[in-house]
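One structure is given below, encoded as structure tokens.
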């Protein structure tokens, strides 16, 4: 049995296992044909490898130290980027949270602009009970007295007031219709240029909650009694027009 | 330096530590010493392989260094460091080729196709040597990437195992594929000689 191509190549390259190498050498001692094939393969390989040297260029004189320096520099290169991102996010956060910052309104306006617009309908718009994703709002625990202030009157729209058994005053509106801010006794609804309707839920147990629109008192409820209009039943939703009443 | 010397580091406690070390920290002294030894032994071979593969010494130097930078940042040795370095360098080489190919397509659209030719030989290079260089380059460029890589890796003395791992071949097939690659090289080279 003669040596095959794989055995010849492995023999040339020292890749035969010990037993296989011994067997190959034993065979070569008595087989002229295989000996000639191995010699030819060796000669041809030497010729090919020598030819490959024709395209060689000088090996650059670089040390391991240079590689280490380059590797360390690569690690440090990302630090300024990371620091820059952190600083930028920090500045943006401060700008957003600063009192009087226009950013929250801009973000709300942008959000409202990006969100899909509701289809036009001939029927009047119902009170805001849209899905949560399109509704904005605020909830506060009323103290002894709470003033809910709409900063402006509107061309259209109303505030639908309902008394509830919950502990919080909740104001909800379509996203982008207004921005909200509050302190201990005051909930401000900045509805400049707004056209939407609002839903306001007031706890029956609230000592006093008053609603002002553009500086004019429109609604007052004291411990579940609508003081501004005693004819209103306590469980009936009360609609306050946000339209401008001034002549 | 052979792979056995590098691998032996993995047996001691220091190697166990280096294998868990985050790449961004500077590796410990034991790794750095072994890395330097591996670099000294292997960088010339890797550069020569890439130089012959690409025909561009500057690119070959960049790719070989980049492969070692990646190994240093890794902070520990893989099971077969030489094969790992070859694989990394070849992936980098393929990325370069792909990005060049994309750029060439864009340039072709705007400027029209250009004929590419070998750079002119250096003034001090003899005509015969320049001709041999051109002919061998043409033969190598005409081979498939697998045959060329196989031939060039073996010419640098890489083991069948390293060749199989880095080229994703069955180790048992390396001998036969290598014989075919050498035969393909010889045949093309002789054809180039016979051509007018």
Test: residue in the range A:38-50 that is within 60 Å of the chain's Cα centre (by Cα) and crowded, with 16+ Cβ neighbours inside 10 Å: yes
Restricting to the range B:136-190, name every residue that is more than 13 Å from the chain's Cα centre (by Cα), more than 9 Å from chain A (Cβ to nearest Cβ), outside any helix (DSSP H, G or I) and closer than 23 Å to residue A:4 by Cβ. B:169, B:170
Residues being modelled with pLDDT of 80 or more and part of a loop (DSSP other than H, G, I, E, B) - total across the range A:205-247: 9
So is residue A:74 closer than 27 Å to residue B:184 by Cα, within 14 Å of chain B (Cβ to nearest Cβ), out of contact with any strand residue (DSSP E or B) (no Cβ under 6 Å at 6 or more places or on another chain) and surrounded by 10 or more Cβ atoms within 10 Å (Cβ to Cβ) or not? no
Residues being at the interface with chain A (Cβ under 8 Å from one of its Cβ atoms) and closer than 25 Å to residue B:134 by Cβ - total across the range B:61-85: 1
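Listed here are the residues, each with its yes/no results for (1) touching a helix residue (DSSP H, G or I) at 6+ places or on another chain (Cβ under 9 Å); (2) modelled with pLDDT under 80; (3) surrounded by 15 or more Cβ atoms within 10 Å (Cβ to Cβ).
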residue: A:109; (1), (2), (3): no, no, yes
residue: A:117; (1), (2), (3): no, yes, no
residue: A:155; (1), (2), (3): no, no, no
residue: A:163; (1), (2), (3): no, no, yes
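The values are calculated or read from the model by the stated rules, or taken from the named source; none is laboratory data. Keep in mind that what you see is a predicted model, and the values were worked out from it rather than measured. Here the Cβ is made from the backbone with ideal geometry for all residues, glycine too, and neighbour counts use every protein chain on show.
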